[in-house]
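Notes follow once the structure below has been shown.
The values are calculated or read from the model by the stated rules, or taken from the named source; none is laboratory data. These numbers come from a predicted model, not from an experiment. Positions of Cβ are generated from backbone atoms using ideal geometry, with glycine treated the same way; all protein chains shown enter the neighbour counts. Please note that ligands, DNA and RNA were not included when accessible areas were found on the heavy atoms of the full protein model with its side chains. Shrake-Rupley method; radii C 1.70, N 1.55, O 1.52, S 1.80 Å.
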Amino acid sequence: TGGPCILADSREISSGPEVITYLRTTHGVRVDICSLGGCDYIVSNRLSVERKSQSEFSNSANRSKLVERIKHLRSMFERVCLIVEKDRVKPGETSRLFQRTKYYDSTLSSLISAGVQVLFSSSQEETAALLKELVSLEQRKNTGITVPTQVSGHKQEVLNFYLSIPNVSYITALNLCHHVPSVSQITNSSVEEIVSKGNVSKQKAEEIYCYLHYVFDPKMLQPSDKRKQSVV
Amino acid sequence: MATTQSTPVRAGASAVPYGHVIVSEKWRGTELAQLLQGKVNLMFEDGLGLVDFHLPQRACILYISETDLVSGNEFKRRLVRFRKASNLRGIVLAERTRLSDQYYSPVQNFVVLELGMTLLPVTNRSEAAQLIFHLIQERSREGGSNPFIGKKRCHLSEASILQTVQRIPAVGRVKALQLLHHFPSIQELSNASLRDLEAVVGRGFASNIHSFFTQT
């Protein structure tokens, strides 16, 4: 404990294996692989990092996917960082010339206005170095990940319960899991207590508090929920 | 240079009308200014100090040329002075060319991670003009039209709560609805006594649910 720790989504094993390897071997960062569901890396209690290849980022066909993803991250985390990484050139291929488009510039402009931090990387190796810088910065600000990231048995069930609260991130659920002995202690907590137990902002704690106290009305269930719940 | 020393950032330049940009006099007649002309309203002004362009909504641009990047630390001092003197949103545009490419990564660490400003690469002045145009456009749109800010997803709370209750081991949809009928919020459900729960779902389930909430 005490060393830098990053949570990586299991999908990153195939899409960015070198990032994880460099983090572990070159930078001495503990990288724990979890199923983060819609987020690439969690670097601290408040910061998530999304990794996109330049070709994926600059292709306007991916616009709505990107918008949904960033909105989702912004609803869960106080800070969102996007790393745009140059595509890897396969042996025998020449690197394609990158054409800067209107779409590219306007997307960058919107992201910056929305307060998303954008970083550019030329390789998986550089992405790892950037993640290392970010995790060190967050540690200096006392927002680094300090709880154990692997849970089992009853704690796993409790984690899943917390994860079902809308806009609660994996790290917030983990913090709640480890900082509070029983679930009923959370459901009876004040907003201030949720702030300190979950390591979240006051606003996020209020959201959680409201959800736990929300009075369920079966008449409000949409017909579509009768089969399987889906977010519209 | 003397004026730059005394007024690092011009006061009052924070209120730029939509679709306009205040441009430092030193850019007059340059290729970059010509490329912007006609697309946005340029207003040239003297004495902007460290800033090259003032944009709407309290943003401004500091431009770092290829030569600045290659020749060293002068631009870093400029950025630090800007950061200390101003609370405007500083966007740094840096010319990342084949020549200056190797300097980009440490500069990115410095500008973004240390100073907490934004850094965007351009390869030449015409790319810079395009990007500046879009930055102005973005800051000139009516509020709420930023796709990344747009309203938070509206979750159907009822459906979410039903899902949450079903995360209690061995509780399916039917049991969850029964429970919520008697204890309509998660908080109430968590405080239900064993006896109250037994009356709704029977002894076995009741003890499961009760221990889920109270087990430490």
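So which residues in segment A:16-71 are more than 13 Å from the chain's Cα centre (by Cα) and small (Gly, Ala, Ser)? Working first, answer last.
Of all residues in segment A:16-71, those more than 13 Å from the chain's Cα centre (by Cα) come to A:16-32, A:52-68.
A:16, A:28, A:53, A:55, A:58, A:60, A:61, A:64 - these are the residues of segment A:16-71 that are more than 13 Å from the chain's Cα centre (by Cα) and small (Gly, Ala, Ser).
Inspect segment B:40-58 for any residue being of a type in the set (Val, Ile, Thr) and either at pLDDT 95 or above or in a helix (DSSP H, G or I) (or both) and give the result as yes or no.
Restricting attention to segment B:40-58, the residues satisfying the condition of being of a type in the set (Val, Ile, Thr) are B:40, B:51.
In the following step, the residues that additionally are either at pLDDT 95 or above or in a helix (DSSP H, G or I) (or both) were identified as none.
Taking every residue of segment B:40-58 in turn, none turns out to be of a type in the set (Val, Ile, Thr) and either at pLDDT 95 or above or in a helix (DSSP H, G or I) (or both).
Given the options A:64, A:75, A:106, A:113, name the one that is more than 23 Å from residue A:14 (Cβ to Cβ), of a type outside the set (A, V, I, L, M), within 11 Å of another protein chain (Cβ to nearest Cβ) and in contact with a His (Cβ under 9 Å, 6 or more places away or on another chain). Outline the logic, then answer.
Details: A:64 fails: in contact with a His (Cβ under 9 Å, 6 or more places away or on another chain); A:75 fails: in contact with a His (Cβ under 9 Å, 6 or more places away or on another chain); A:113 fails: in contact with a His (Cβ under 9 Å, 6 or more places away or on another chain).
A:106 is the lone residue from the list that is more than 23 Å from residue A:14 (Cβ to Cβ), of a type outside the set (A, V, I, L, M), within 11 Å of another protein chain (Cβ to nearest Cβ) and in contact with a His (Cβ under 9 Å, 6 or more places away or on another chain).
How about segment B:98-216: which helices (runs of 4 or more DSSP H) wholly inside it have at least 2 residues that are in contact with a helix residue (DSSP H, G or I) (Cβ under 7 Å, 6 or more places away or on another chain), surrounded by fewer than 17 Cβ atoms within 10 Å (Cβ to Cβ) and within 11 Å of chain A (Cβ to nearest Cβ)? Working first, answer last.
Working: elements: B:101-108, B:125-140, B:157-165, B:173-182, B:186-191, B:194-201, B:203-214.
Those helices (runs of 4 or more DSSP H) span B:173-182.
Sort through A:50, A:93, A:68 and tell me the only one that's in contact (Cβ under 8 Å) with a residue 24 or more places away in the chain and either acidic (Asp, Glu) or crowded, with 19+ Cβ neighbours inside 10 Å (or both).
On the way: A:93 fails: in contact (Cβ under 8 Å) with a residue 24 or more places away in the chain; A:68 fails: in contact (Cβ under 8 Å) with a residue 24 or more places away in the chain.
Result: A:50 is the single residue among A:50, A:93, A:68 that is in contact (Cβ under 8 Å) with a residue 24 or more places away in the chain and either acidic (Asp, Glu) or crowded, with 19+ Cβ neighbours inside 10 Å (or both).
Residues to consider are B:126, B:105, B:86; find the one that is under 21 Å from residue B:138 (Cβ atoms), of a type in the set (Gly, Ala, Ser) and within 23 Å of the chain's Cα centre (by Cα).
Exactly one of B:126, B:105, B:86 is under 21 Å from residue B:138 (Cβ atoms), of a type in the set (Gly, Ala, Ser) and within 23 Å of the chain's Cα centre (by Cα), namely B:86.
Report yes if residue A:171 is touching a Leu at 6+ places or on another chain (Cβ under 7 Å), open to solvent by less than 30 Å² (accessible area, probe 1.4 Å), in contact (Cβ under 8 Å) with a residue 60 or more places away in the chain and more than 7 Å from chain B (Cβ to nearest Cβ), otherwise no. Steps first, answer last, please.
Working: touching a Leu at 6+ places or on another chain (Cβ under 7 Å): yes; open to solvent by less than 30 Å² (accessible area, probe 1.4 Å): yes; in contact (Cβ under 8 Å) with a residue 60 or more places away in the chain: yes; more than 7 Å from chain B (Cβ to nearest Cβ): yes.
Here the answer is yes, as residue A:171 does meet what is asked.
Results for (1) part of a loop (DSSP other than H, G, I, E, B); (2) within 12 Å of chain B (Cβ to nearest Cβ); (3) open to solvent by 10 Å² or more (accessible area, probe 1.4 Å); (4) touching a helix residue (DSSP H, G or I) at 6+ places or on another chain (Cβ under 9 Å), shown as yes or no for each residue.
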residue: A:181; (1), (2), (3), (4): yes, yes, yes, no
residue: A:192; (1), (2), (3), (4): no, no, yes, yes
residue: A:197; (1), (2), (3), (4): no, no, yes, yes
residue: A:208; (1), (2), (3), (4): no, yes, no, yes
